[in-house]
Amino acid sequence: MAILIDSLSKFYGSKEVLSGLNMQIDSGQIYGILGPNGSGKSTLLRIMAGISQYDKGNAIIENIEAKNNPIEIRRIVGYVPETPYLYESLTPMEYFGFIGSIRDLNRETTERRTRDLIKAFGMEEYSDQFIGSLSFGTKQKVSIIAALLHNPKVLILDESMNGLDPHSAKIFRDLLRSLANDGATVVFSTHILEIAANVCDRIAIMKDGKVMAEGKTSSLVAEKNLEDLFIQLTSSEDIKMVVNALRGSLRNEST
């Protein structure tokens, strides 16, 4: 087992954003976490990456307790946040060299992996431009490449496919499967249900800091259309009623 989440709770002030979560993720698995905004997905992923602390329960990543060993967790995890946090006064090549050095990679390994990843993601023409001048999608590629450089045992991705062009997104999805086949564990959140259905081995659907449903992707999809299941578990409003109300409002506006 690569990741064990045991009765995990997290508070921001008096607000409980994670409530007694339990989750088991095996090595070599691509695990998708779905949920509306505010469901606790990003908080959970930051805890798995050794970035955020928790208040109750436990998070164990590759047999390392996250709360007391965050530095050890960060050594074995690659993490891509929803919004890239990068040194914008550096070029991608300078940034990758810096990441390689803090990851204790030798220069030859850093340069070889950097070259291969830059080519795979079609970033050759941007490699010597300042990061601050790049588009959001290209910055996302920089963040992804930086997370992959040390060939992590666990890859944590928070909405990391946002902004990727179709070609890069396809490369990235295939690469995730290849990494999982080699024994790495991939955990990612997404709002794109089609990606979750096509890429993930297992899926958890969260709402209000709790897991509402969890299981093999094939089982959840076979049981019900994933979009319908997601809406059923996470929405407090009837979608048809909302759409009908909007249609009525728009008709009134146009008359």
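Read-outs throughout are calculated quantities, based only on the coordinates presented, and are distinct from any laboratory measurement. From a predicted model like this one, the values you see are computed outputs, not experimental measurements. Note that each Cβ is placed from the backbone with ideal geometry, even for glycine, and that neighbours are counted across all protein chains shown.
Can you pull a Stokes-Einstein diffusion coefficient for region 1-120 at 25 °C (0.890 mPa s), Rh from Kirkwood over Cα pairs, as a whole number of µm²/s? Intermediate values should be presented prior to the final figure.
Values: Rh = 16.3 Å.
Rounded to a whole number, D works out at 151 µm²/s.
Report the label-to-label distance for E88 and E124 in nanometres (one decimal), using points 7 Å from each Cα along the Cα→Cβ vector.
In this crude label model, E88 to E124 measures out at 2.9 nm.
Cα to Cα, under 21 Å, and not fewer than 8 places away if on the same chain: which lysines meet these conditions relative to K153?
Straight-line reach from K153, under 21 Å: K41, K67, K141.
Of S127, S101, S19, which has the largest mean-square fluctuation in a 10 Å C-alpha GNM of the chain?
Highest fluctuation of the listed residues: S101.
For the residue pair K170 and D26, what label-to-label distance in nm results when each label sits 7 Å from Cα along the Cα-to-beta-carbon direction?
About 3.0 nm separates the two model spin labels.
Need the full-extension length gain, E65 to N198, defined as separation in residues times 0.36 nm minus the C-alpha distance. One decimal, nm.
On the way: separation 133, 0.36 × 133 = 47.88 nm, distance 3.13 nm.
Here the segment from E65 to N198 would lengthen by 44.7 nm.
Considering the dipole of the chain built from charges on the beta carbon (Lys and Arg +1, Asp and Glu -1) around the Cα centre, which of T43, M1, N58 is farthest to its positive end?
Of the listed residues, the answer is N58.
Percent of Cα-Cα pairs per 10 Å bin, from 0 to the last occupied bin, for the chain, please list those.
7, 28, 33, 21, 9, 3, 0
Per-residue ellipticity at 222 nm for the chain, helices alone: DSSP H runs ≥ 4 residues times -39500 (n - 2.57), over residue total, nearest 500 deg cm²/dmol? List each step's numbers first, then the result.
Details: 10 runs with 108 residues, N = 255.
Helices in the chain give a 222 nm mean residue ellipticity of -12500 deg cm²/dmol.
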